[in-house]
Every structure is written in structure tokens, then in C-alpha cells.
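Written below as C-alpha cells is the structure these notes are about.
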Amino acid sequence: MSENHPFKLRDHGHKIIEMIVEDPDIKPDHKAIATLQLLTKKYDSVILSLEENASLNPELLPVLLKIGEFGALKIVAPASESQISFNLHGIQVFAEPFSAIRRIAGERNAEKIIKQISRIGVTRTSAYNLLQMMRNPEVKFEEIEETASKDLQLVARMLKTANTTFLSRRFPVETLKAAVTYLGLEGIRQLLVHELFISFTQFFSNQRDKIAHLRRCSHLAAYIGKLIKADLPTIGKMRIAGLLHDIGSLAFSFYDKEEYAKVLNMVRKERLTIFDAETRVFGVSHQYLGGLYAREMGMPDYVVSVIEHHHDQDIDPQDFVKLAVICANGFLNEKIEQINFSNYDQFFKFLADEIDAKNPVLQKVIKTAEKAGKTIKSEDSDSTMPSPESESDEAASDETQDLTEDQAQSFAEEIQALKFKPLQFDGLLKEELDSYILSSANAQE
């Protein structure tokens with residue numbers, strides 16, 4: 001490209017324009033950048049394609065962020081690490097133009113689906129109105145009480161939930177004001193989200209298998225919470241997040257049931273992940289669509305995060321809400337529904353570690369072992385225990401004693417016997433699922 005024509009333009013139709021640049025170290029004063037800004041006013045989506053030798057200077061970041069403020073900008077960089085040396089803060093980068101165009105089409109599909117679903121009766125419920133109200137961090141309990149009082153069914157459920165949650169109270173919760181106070185903002189949000197789920201099940205009543213999957217995932221996620229001895233608010237979050245994690249799948253099927261059937265067929269016959277199959281058919285995944293819809297509905301941030309990331313492999317090991325849903329969903333996908341999933345059981349170790357940390361018997365044995373003043377590495381963890389091979393610590397307290405090899409081995413065996421084995425999770429989840437299905441069947445009779 002000559003200096004007079006430092007870029008090429010390619011119109012892909014549907015208000016998508018691609019700008020191709022090959023110059024190294026592109027800065028804000030490059031002619032292509034001024035043109036790029038003008039193109040965003042004429043086209044809905046602009047793709048900035050970097051040829052092999054082209055690269056972006058970090059000085060461009062403020063300009064790019066402004067251009068891509070509403071998702072209008074996509075960047076194509078075949079060797080992104082060498083061509084873009086700075087954080088783009090959410091601007092998407094693709095290896096080739098086709099992927100960028102497919103993503104644009106997917107985002108447009110998602111917008112159409114959200115608009116279509118937004119017309120359903122869910123948005124006219126008291127639960128929806130209250131959830132929108134609670135997006136305001138300064139909302140007052142009195143305002144919640146006033147709005148809730150207009151829906152007698154909702155009031156009855158709030159009273160029932162408050163009394164169920166606070167069974168240890170000496171006196172029952174009899175007024176809406178008391179229920180709102182006892183449940184707190186997070187408890188109310190969880191109740192409202194559950195109310196919306198009930199509305200979803202009525203609207204999506206023809207998707208029985210997916211609704212059943214969501215209910216089972218919710219139950220198993222909460223069960224995992226109980227296994228790791230999470231507190232009641234956290235278990236409540238696990239239950240709610242599990243209930244809504246696949247709302248994007250419901251939305252896809254609602255929008256085009258035949259197209260979503262193609263997705264499921266690809267998953268089963270071609271052994272694709274659900275993410276790859278959905279991206280092929282719709283341009284975006286159910287995580288993206290579900291997150292978009294959850295934000296539109298005013299769902300709590302942790303629910304949105306679980307929806308958007310419940311198939312991710314890089315997870316904070318301390319995010320137990322997300323871990324519980326990922327493991328419950330992965331177990332159901334792989335062991336029950338025979339759907340290809342990616343290594344959900346790798347997260348069992350983090351859950352097992354949490355169980356061990358809250359096991360008083362195990363912790364007592366470990367502390368007793370540590371008191372001996374000598375340590376060796378456990379065979380399968382980073383925990384420490386007595387070792388006859390380590391040298392004596394002259395600064396140890398008077399309570400410290402040397403251990404024989406047999407005593408050290410005995411400690412090691414006792415600790416290993418008390419540790420929760422990650423492999424136990426699948427068996428426990430299967431047993432709990434069988435019990436849940438049986439109790440649900442009995443309740444329907």
C-alpha cells in the first residue's frame with residue numbers, strides 16, 4: 001500500500017466494513033485511524049485487519065476504546081501477541097476476518113433474541129419490577145415492602161421463605177415487614193430470581209428436558225455447598241445460579257428450535273463442545289446470550305458471572321458458587337446426559353480441599369503432627385506431616401518431640417485416610433441425584 005493509500009477497504013454488506021492495514025507501529029496520527037473513526041458513523045460494525053507485518057502502538061488505546069465503545073469495533077490480528085502489545089480492555093481480537101464477521105452476526109442474533117424474549121409476560125411480574133428496583137444500591141426496605149405488598153402471592157412466598165429460613169426463631173414471621181427484614185437484600189433477590197424462574201418454566205414449558213436439567217443442577221450445586229459446609233447465603237447463591245446457568249440455551253431454543261436441534265446434533269455426532277457448536281450455528285454461545293439476558297433482567301452479578309463462565313476452565317479456586325455450578329452441570333452433562341464436557345472433575349480437588357479445611361478431626365491430627373516439629377511432604381498434596389528424615393530443630397518448643405519412622409508413617413496414613421478424596425464426588429452426586437429424582441416423582445403422584 002502506498003503512502004497515499006495506506007489501507008484498503010472491503011465492504012462485507014449488512015453494514016459491515018473491513019479496513020486492512022499493513023504498516024508497522026500504527027499510531028493515532030496514521031491516516032487509517034481518522035478514516036476508521038469516520039467509518040463507525042456510517043457502518044454498524046468496523047473490522048480493523050492487521051496484515052502480517054502490521055502492529056498497533058499503545059498510544060492508540062484511547063482512540064480504539066472510543067471507537068469500540070459500543071462493540072462496533074473488531075480487530076483481526078493473525079499473530080496477536082506480536083502485533084498488539086497492550087491490553088485492549090474488552091475489544092475482541094480474531095485470527096481471521098470470517099470469525100469476526102460470524103461474531104458480529106452472532107451479536108446481532110443475540111440482540112434480536114433478547115428483544116423477542118423481552119416481550120413475554122415475565123417482564124410484567126412483580127418479581128421483575130422488584131428486581132429492577134433493587135438494581136439501585138440505595139433502595140430502602142420500605143420501598144421493597146410497598147411494591148411487594150401489591151402481589152399477595154409474592155407476599156405469601158416471602159413469608160413462607162422467611163419462616164423456613166429462620167426455623168430456629170422462637171416466634172414465627174407473620175408480617176411482610178418482618179419477612180423483608182429477616183431475609184435481607186440478598187435473600188430477597190434470591191427469592192425474586194426463583195420467582196422469575198417459575199415464570200420461565202411456564203413460558204418454556206415445551207422444553208421439559210432443559211428445565212429438568214436446570215432444576216437438577218440447582219439441587220446438586222446446593223448439595224455441593226452443603227458438602228463443603230458453606231454458609232446458608234452461599235448455598236442459596238449456588239442454588240439460584242444453578243437454576244439459571246443455562247438460560248441462554250432456553251433462549252436459543254425459543255428463538256429457533258430447529259436451529260438449536262442442529263447444535264445438539266453436532267455435540268452428539270461430531271463430539272463438539274456446546275460452545276463450539278453454538279458458535280457455528282448462531283455466532284455466539286449460550287453463555288454470552290444468557291449473560292446478556294440476565295443483565296437485561298437485572299439479575300445479581302454472581303448469577304450473571306456463573307451464566308457467562310460455567311464452561312470456563314480457568315476459575316478462581318475460591319469462587320465456590322461458580323465451582324459448585326460448574327461441577328454439578330459437568331456431572332449432569334457427562335455422566336447423565338452423555339454430552340461432551342471439558343474436565344469438570346479437575347475442580348473437585350478445590351472442593352475436597354475446602355472439605356478437609358473444615359474437618360475438625362483431620363485438622364486436629366494435622367496440628368498434632370505439626371507439633372512434633374518435623375515435616376515431610378504428603379504424597380498427593382502440599383500438606384505437611386512429621387518426618388523422621390528431617391534434622392532436629394534446636395529452637396523447637398519444649399512440647400516438641402522426635403518421631404520414629406513408624407510414628408511418622410502412622411501420622412501420614414491417618415491423615416491420608418481422613419482426607420476427602422476428589423473421586424468420591426461423582427458417586428455422591430449420583431446418589432444425591434437418584435434421591436432427588438425419586439422424591440420429585442413421589443411429590444408428583
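Applying the condition of being under 21 Å from the mean Cα position of the chain (by Cα) and not in a helix (DSSP H, G or I) to the stretch 330-346 and asking which residue is surrounded by the fewest Cβ atoms within 10 Å (Cβ to Cβ) yields Asn343. The set of residues in the stretch 10-23 that are over 36 Å from the mean Cα position of the chain (by Cα) and either surrounded by 13 or more Cβ atoms within 10 Å (Cβ to Cβ) or part of a helix (DSSP H, G or I) (or both) comprises Val21, Glu22, Asp23. Screening Ile247 with (1) in contact (Cβ under 8 Å) with a residue 40 or more places away in the chain; (2) touching a Lys or Arg at 6+ places or on another chain (Cβ under 9 Å) gives one miss only, at (2).
When you look at Lys226, is it surrounded by fewer than 20 Cβ atoms within 10 Å (Cβ to Cβ), in the same structural domain as Met133 (by TED's automatic domain parsing) and basic (Lys, Arg), yes or no? Spelling it out, Lys226 is indeed surrounded by fewer than 20 Cβ atoms within 10 Å (Cβ to Cβ), in the same structural domain as Met133 (by TED's automatic domain parsing) and basic (Lys, Arg). Of all the residues in the stretch 263-304, those that are more than 18 Å from Leu192 (Cα to Cα) and assigned to a helix (DSSP H, G or I) number 21. Considering the stretch 97-214, the qualifying helices (runs of 4 or more DSSP H), each wholly inside and each with 1 or more residues that are within 24 Å of the chain's Cα centre (by Cα) and among the aliphatic types (A, V, I, L, M), run over 97-117, 126-133, 176-203.
The values are calculated or read from the model by the stated rules, or taken from the named source; none is laboratory data. Source: prediction; values computed, not measured. Reconstructed Cβ throughout: ideal geometry from the backbone, glycine too, with neighbour counts over all protein chains shown.
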